Amino acid sequence: MELNNKKVEVELRGMLSKEKFDILSDTLGKQYPYKDDNKETLFYVTIGFILKIEKRNNSEEIFLIVKNGDETKNILEEIEIRLNSSDLYKIIKIFDNLGFSKINIVKQKRKNYYLEDGIVFSLKYTDDWGYHFEIEKVVEINNAESAKKLLTDKCRSLDIKFMNDIEIAKKITDINKKHGYI
């Protein structure tokens with residue numbers, strides 16, 4: 001596989017007030033198809049990549065997900081494997097034996113809206129992040145910067161501000177400190 005054909009997820013995120021969250025939920029729900037995508041996630045505390053296990057919408061499946069790259073830079077390669085939930089203990093044990101022992105268990109309320117141009121806009125709530133959004137698009141790596149501009153423009157049209165890399169890094173550090181991981 002050529003590097004320039006690699007698919008990446010371009011993702012922006014930002015904080016929302018409860019009021020803005022509700023306004024966006026109402027507005028987007030009238031304009032776009034959507035679905036609930038609530039999940040419980042085991043986030044492993046790592047550096048330079050994201051490692052997580054997700055259980056979505058009370059499914060009998062779990063998803064092992066690795067996102068390669070710096071979470072604060074908005075462009076990550078995402079690798080996802082679907083497994084049976086009966087394998088959860090074995091996966092956790094393998095990761096524990098590999099030295100991944102710091103786990104943040106996160107319950108997430110989430111609704112995904114399917115916008116034009118393959119954009120997915122998610123309204124989310126977790127105890128650690130509060131009310132927030134993610135807007136993402138999967139593209140070939142050579143189209144990542146143009147996708148980032150498209151997402152930036154969409155945020156502007158929705159009158160929302162996404163976080164820069166320093167703000168994201170601070171938020172992640174604060175969460176890790178809160179849970180005693182650093």
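Here is how the numbers come out for the structure above:
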| quantity | calculated |
| --- | --- |
| Residue-by-residue Karplus 3J(HN,Hα) for region 36-48, coefficients 6.51, -1.76, 1.60, Hz, glycine and proline x | 6, 9, 5, 7, 10, 10, 9, 8, 7, 7, 9, 10, x |
| Among K137, K90, K73: highest mean-square fluctuation, GNM of the chain, C-alpha pairs under 10 Å | K90 |
| Max mean-square fluctuation residue, GNM over the chain, Cα-Cα springs under 10 Å, options I91, I119, I53 | I91 |
| Using θ = phi - 60° and Karplus 6.51 cos²θ - 1.76 cosθ + 1.60, couplings along region 27-33 (whole Hz; Gly, Pro as x) | 5, 5, x, 7, 9, 9, x |
| Cα-based equivalent ellipsoid of region 3-176: semi-axis lengths in Å, sorted from largest, via gyration tensor | 26, 19, 17 |
| Among E19, E78, E134: highest mean-square fluctuation, GNM of the chain, C-alpha pairs under 10 Å | E19 |
| Region 106-160: mean projected area of Cα convex hull, nm² | 4.3 nm² |
| Cross-link pairs K30/K67; K18/K178; K6/K102 - those with Cα-Cα distance over 24 Å | K30/K67; K6/K102 |
| Residue-wise HN-Hα coupling along region 168-178, computed from phi with Karplus coefficients 6.51, -1.76, 1.60 (Hz; x: Gly, Pro) | 5, 4, 5, 4, 5, 4, 4, 5, 5, 5, 4 |
| 0 to 90° range, to nearest 10: angle between helix 88-97 axis and the chain longest Cα axis | 70 degrees |
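Read-outs throughout are calculated quantities, based only on the coordinates presented, and are distinct from any laboratory measurement. Owing to the predicted nature of the structure, the values given are computational and were not obtained by experimental measurement.
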